[in-house]
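Just so you know, all these numbers are worked out from the coordinates, no wet-lab data involved. Keep in mind the model is a prediction, meaning the values are calculated, not measured. Note that we place each Cβ from the backbone using ideal geometry, even for glycine, and neighbour counts take in every protein chain shown.
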Amino acid sequence: MTEDKDRNETPQGQAAEERGDYVTHAKSIGSWLFSLDHKRIGILYAVTVAIAFLLGGVFALLVRAELLSPGEDFLSAQSYNQMFSLHGIVMVFGFIIPAIPGFLGNFLLPLHLGAKDVAFPRLNLASYYLYLLGVALILVAMVAGSVDTGWTFYTPYSARTGPSVLFLTMAVFIAGFASIFTGINFIVTVHKMRAPGMTWNRLPLFVWSIYSTSIVQVLATPVLGITVLLLFLERLLHIGIFDPALGGDPILFQHFFWFYSHPAVYIMILPGFGIVSELIATFSRQRIYGYMAIALSSVAIALLGFLVWGHHMFVAGQSVVSSVIFSLITYLIGIPSGIKVFNWIATMYKGSISFKTPMLYALSFLVLFTIGGVTGIMVGVLAVDVHLHDTYYVVGHFHYVMVGGTTIALLGGLHYWWPKITGRLYNEAAGRLAALLVFVGLNLTFFTQLVMGSRGMPRRYNDYLPEFTFLHQLSTVGSWIMGAGLFLVAIYLLVSLFRGKKAGANPWGGATLEWTHTGPRPDPHNFHRTPFVTRGPYEFDRIPELVAAHRDETPPDAQQNVHLNQDRT
Amino acid sequence: MKGHHITSRTTLLKVFVALVALTALTALTAQIDIGVFNIPLALAIAGSKALLVALFFMALKYDKPVNALFFALGVLFVVVFLTFTLFDTAFRGDLGNVGKETIHSMEEGAEE
């Protein structure tokens, strides 16, 4: 660290300023595609996950359109199966797992820690390309073959269906490695790259959540690789592992798969918790209530998340002994989740709340995640699950968590950090309207599914009984409203990118280092000098003093860029 | 970065000999049937070999203890996975109708 400090003395700081910020300092396509800068790699992830999200979203709209009326409309049963499989696989492996760690995690982690970059910049770029290769192979498998197993690849479906399932699982295997590399990189970065004075209890909560996520990525993802490999061995070499005809056990596949995939659900949601903590603190202008409780509850969720995988298998033929154990531990997950929600609400209590777009997403998250969590506890109840298993209730539950939780948090984070990433502001009125559309559309889509499921509508059917028509139609209309909201987000963000008002260095009055110690867009090396941290991440009362101190550190010709936007409420 | 520990050649050789000896022991014990202890014995020998490799060849013994902690954490998760899966497979069919024999009898029924 001291070396870095020496190298960044003022004359070189000035030179850095002349080079421009992280966007303008180099402009060739190669400087983006092969950049080792964590911020640029974050942008690469952002573009790729956005494309995956668009594809997955189009598949979802097609699935919902088919369900607009009973009977076979424009998708045959076979193509309907492929469509929902593609929706699940692209959304889970292409979008929701890499979205927050890959995009916001990459962009923000070193900035939050006061570091120049992640610990292993080359590994970081390598993991992006592995992820890209994984997504590309998924798309090739989609075009070349037909996979109709759903995103879980359960045996015996995956043992009997066409050979392209092997290709697709290989793609997932590769994308898994990207996830492991990112996890290792972030763990080492948090341990070794913190600025002087950045103690563990001064880390922004976003860092805690990314850290917990990384632990899960490193410990769980290898099991996905092993599972896929075993599937390969069985199909190609006929070694009996999952196929009863060869002496295998099909439920064993579900053990293997969910030992990864249940913790993976926490890979998807934990970073969302981190974003929401940042949003609620900044837009309530309050220190986080129960900082350590929120930080450690992330770690608790990460670890407990490893012990609940059997709740996916209550009716699959698993022994009753293990169902009882898994059900009990599933209830325990409610405790750290509840700690978080209550602490967020307590943070807002008597705060000076401003309802800017990011805060609207944070508030939506509180409502939607709570519904997602409580419905999760309900399907964790053994007797209730017998009725609800494989119905639309489960579909509604996990979409409340994945869309209502992770995607809403990502949208909130995207709006919050948009000025820091692009240096521009977006249209606030359009932002609020889109947040409303997404909230209404989402509830209309998925709450009706909870109702349908509890009345017995099974999942994964392209047809249904006439009495479900009205609810299915409501759900489809909901998906259109949500789609319109997301489309609006895409439009005004693109407009902002080219025509948006220039943002100040700290438009929201945030107190973490990226707001107080960098310009409107960060420098290629993040900070002119390694920050010396003497405070926690949510001391909003000290921002003017901190920004003034930072201004003194900054070369004089950069001073005009560093100012607090006064109009921040 | 502080100095990297270099293990002496004799230590490495001793570990190598131990590994070969343990491999021979595995082959020998495989010839003898000791009933329920067949698998635990094979696993115990394999486990000690893995430990030798981790301690000496991968130099875990000379590293900071925190690395050993991470290694132990990895092992712990394998244990968790196996134990919880055994809660299922060892008690499979405790509901009475989902045992292995049911599949057999179903197959036989189908053949008839």
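One quarter of the convex hull surface built on the alpha carbon atoms of the protein assembly as shown amounts to 33.8 nm², the projected area averaged over directions. Taking every Cα-Cα distance in the range A:258-308 and sorting them into 10 Å bins starting at zero, the pair-distance distribution P(r) comes out as 24, 45, 23, 7, 0 percent. A cut-off of 5 Å between modelled amide H atoms, ignoring neighbours fewer than 5 places along the same chain, links A:Arg424 with A:Ala503. Couplings 3J(HN,Hα) for the range A:345-359, derived from phi with the Karplus relation 6.51 cos²θ - 1.76 cosθ + 1.60 (θ = phi - 60°), are 5, 5, 5, 6, 4, 6, x, 9, 7, 10, 8, 6, 3, x, 5 Hz, where x marks Gly and Pro.
Taking the beta-carbon count within 10 Å as an exposure proxy, list A:Leu486, A:Leu113 from fewest neighbours to most.
With the sparsest Cβ surroundings first, the list reads A:Leu486, A:Leu113.
At a 10 angstrom cut-off on C-beta neighbours, averaged per residue, how do the peptides A:40-49, B:5-14, A:267-276 rank from highest to lowest? Each step should come with its number before you reach the end.
On the way: A:40-49: 20.9, B:5-14: 10.2, A:267-276: 27.8.
Output ranking for A:40-49, B:5-14, A:267-276: A:267-276, A:40-49, B:5-14.
Counting, for every residue in A:252-265, the Cβ atoms of other protein chains within 10 Å of its Cβ and taking the mean gives 1.
Across chain A, Cα pairs under 8 Å and at least six residues apart give a relative contact order of 18 percent. Straight-line reach from B:Lys49: taking Cα to Cα under 24 Å and skipping same-chain neighbours fewer than 8 places apart, the lysines in range are B:Lys14, B:Lys61, B:Lys64.
Counting every other Cβ atom within 10 Å of each residue's Cβ, A:Ile184, A:Ile226 order from fewest to most as A:Ile226, A:Ile184. Local charge for A:Arg160 was computed over the other residues whose Cβ lies under 13 Å away, with Lys and Arg +1 and Asp and Glu -1, and equals -2.
In chain A, a dipole from Cβ-located charges (positive for Lys and Arg, negative for Asp and Glu) runs towards its positive end, and of A:Asn124, A:Pro163, A:Gly510 it is A:Gly510 whose Cα lies farthest in that direction. Counting every pair of alpha carbons in the range A:41-283, the share spaced more than 31 Å apart comes to 29 percent.
Computed from backbone phi, the HN-Hα couplings of the range A:156-162 come to x, 3, 6, 7, 10, 6, x Hz, rounded to whole numbers (Karplus: 6.51 cos²θ - 1.76 cosθ + 1.60, θ = phi - 60°; Gly and Pro given as x).
Would you mind computing the Rg to Rh ratio of the range A:358-490 from its alpha-carbon coordinates, Kirkwood style for Rh?
With Rh from the inverse mean 1/r over Cα pairs, Rg/Rh is 1.05.
Arranged from fewest to most other beta-carbon atoms within 10 Å of their beta carbon, A:His472, A:His389 become A:His389, A:His472. Less than 5 angstrom separates the built amide H of A:Asn506 from those of A:His563, A:Asn565, all sequence-distant by 5 or more or on a different chain.
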